[in-house]
Amino acid sequence: MARRSLGVAAALLALAMPATALAHEGSPNFLSVIQSKPQVRGLHLEVLNRDDRLALVNRTGEDVVIEGYRPGEQYARVRADGTVQVNENSEATYTNEERYGAKVPDGVRPGAAPRWRTIDRSARFEWHDHRIHWMSKTDPPLRRPKDERQQVTRWTVPIAVGGDEDAIRGELLWTPVEDGGGMPVGAVVGLLAVVVLGGAAVVVSRRRRGAGEGGTDAAGAGGREAW
């Protein structure tokens, strides 16, 4: 019973925590929102884990190309047949591997003809786009108090669908921790304490009852308690 109670407590604690606290590096203090995107049937776009990654699914029947950080630089593409490729001559291929950037290997030639490498065939591509989140571990300068929800910056990610240039546009918001969802820390701790103490009380009660009913059988060949 005690183990079951602790298991329930752990499950409740996990549910009470904001999803971003459990997710891959998403920040509860930021929220990146798509405001406009190409209106093409079969093209699906979303921000994952508040501000962590962009996800693109291509069911348009056309090639979709994502531009890197240099104008005109082809970073990645999802082809009409679902093949996902990254350009090994794009610096974004390497810097986008980590949320705050990664080292670009020697020999990468930005501006050279794309050198495509296939990474998947699922028609879905996810990437850390540094344009959609705050690229520092320190807080951004804010115009209003930190306990108020407010805009940090606007962002644009150029893409092309079937050769037609367009863009994903959005904004990055500062959100107080309370906006991140989930229960307050005090409530979580209180809930956990109630469950654990309840389990302990059940264990003590069962042992006392067993001692009273079983007498000396507890020291002899008496049976096992059912947990």
- Task: Just give me the residues in the stretch 30-41 being open to solvent by 30 Å² or more (accessible area, probe 1.4 Å) and in contact with a Phe, Trp or Tyr (Cβ under 9 Å, 6 or more places away or on another chain), in sequence order.
- Result: Leu31
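For the stretch 118-178, which strands (runs of 3 or more DSSP E) that fit wholly inside it have 1 or more residues that are farther than 16 Å from His44 by Cβ?
So the answer is 150-161, 164-174.
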- When (1) part of a strand (DSSP E or B); (2) within 23 Å of the chain's Cα centre (by Cα) are applied to Tyr69, the one that fails is (1)
- Filtering the stretch 72-97 down to residues that are of a type in the set (Ser, Thr, Tyr) and either under 14 Å from Ala113 (Cα atoms) or over 22 Å from the mean Cα position of the chain (by Cα) (or both) yields Tyr75, Thr83, Ser90
- Message: So for the stretch 112-123 (the condition being touching a residue at least 40 places away in the same chain (Cβ under 8 Å), open to solvent by 50 Å² or more (accessible area, probe 1.4 Å) and closer than 30 Å to Pro140 by Cα), does at least one residue qualify?
- Response: no
- Query: Do the conditions hold for Val64, that is, is it modelled with pLDDT of 50 or more, touching a Lys or Arg at 6+ places or on another chain (Cβ under 6 Å) and open to solvent by less than 40 Å² (accessible area, probe 1.4 Å)?
  - Reply: no
- Across (1) outside any loop (DSSP other than H, G, I, E, B); (2) open to solvent by 40 Å² or more (accessible area, probe 1.4 Å); (3) closer than 17 Å to Leu173 by Cα, His44 clears everything bar (3)
- Note on the structure: Within the stretch 73-104, the count of residues that are open to solvent by 60 Å² or more (accessible area, probe 1.4 Å) and either of a type in the set (Ser, Thr, Tyr) or at pLDDT below 95 (or both) comes to 4
- Within the stretch 49-64, track down each residue that is more than 13 Å from Trp127 (Cα to Cα), part of a strand (DSSP E or B) and β-branched (Val, Ile, Thr). Val64
- Return yes when Pro110 is under 20 Å from Arg154 (Cα atoms) and at pLDDT below 95 and no when it is not. no
- Task: Kindly check whether there is at least one residue in the stretch 8-29 that is modelled with pLDDT of 95 or more, in contact with a strand residue (DSSP E or B) (Cβ under 8 Å, 6 or more places away or on another chain) and open to solvent by less than 20 Å² (accessible area, probe 1.4 Å).
- Result: no
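The values are calculated or read from the model by the stated rules, or taken from the named source; none is laboratory data. On a predicted model such as this, the values are computed, not experimentally measured, just so you know. Cβ atoms come from the backbone with ideal geometry, glycine included; neighbour counts cover every protein chain shown. The accessibility values were calculated without ligands, DNA or RNA, using every heavy atom of the protein model including side chains. Shrake-Rupley method; radii C 1.70, N 1.55, O 1.52, S 1.80 Å.
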